[in-house]
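We did not get these values from a lab; they are worked out from the coordinates using the rules stated. This structure is a prediction, so every number in the text was calculated from the model and none was measured. Glycine also receives a Cβ, built like all others from the backbone with ideal geometry; neighbour counts cover every protein chain displayed.
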Amino acid sequence: MEKYGLTYWGYDPDDKSATRLLYKDVLASQEMVNTMLTSDKPFYKFIIGDGEDFILAKDCIHSLTRVIDWEVR
């Protein structure tokens with residue numbers, strides 16, 4: 001599992017009648033990333049928090065960015 005930053009369309013927490021781009025730290029397997037790039041599945045599953053499943057419709061995903069931690073020396 002790798003760490004990613006997921007930017008997606010969701011309901012605005014302050015105004016449930018509107019949508020906006022939201023961000024969530026997720027874990028995704030390389031298999032899931034490959035599936036996103038090569039298939040047309042309607043939903044994708046990520047891991048968040050303490051291991052909860054986060055299932056999101058393909059059409060709501062804006063971007064998935066790999067997070068690399070490193071120390072600045």
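General observations
- Candidates L27, L56, L64, L22 - the one that is touching a residue at least 60 places away in the same chain (Cβ under 8 Å), hydrophobic (A, V, I, L, M, F, W, C), part of a strand (DSSP E or B) and surrounded by 11 or more Cβ atoms within 10 Å (Cβ to Cβ): L64
- Residue in the range 28-44 that is closer than 12 Å to I61 by Cα and touching a His at 6+ places or on another chain (Cβ under 6 Å) present: no
- The residues of the range 30-39 that are among the polar types (S, T, N, Q) and in contact (Cβ under 8 Å) with a residue 24 or more places away in the chain amount to a single one, Q30.
- Failed item in (1) over 14 Å from the mean Cα position of the chain (by Cα); (2) more than 18 Å from V67 (Cα to Cα), with E31 passing the rest: (2)
- Set P42, P13: member being touching a helix residue (DSSP H, G or I) at 6+ places or on another chain (Cβ under 6 Å), without any contact (Cβ under 8 Å) to a residue 40 or more places away in the chain and surrounded by fewer than 14 Cβ atoms within 10 Å (Cβ to Cβ): P42
- Members of the range 30-39 that are more than 17 Å from T7 (Cβ to Cβ) and either surrounded by 14 or more Cβ atoms within 10 Å (Cβ to Cβ) or charged (D, E, K, R) (or both): E31, T35
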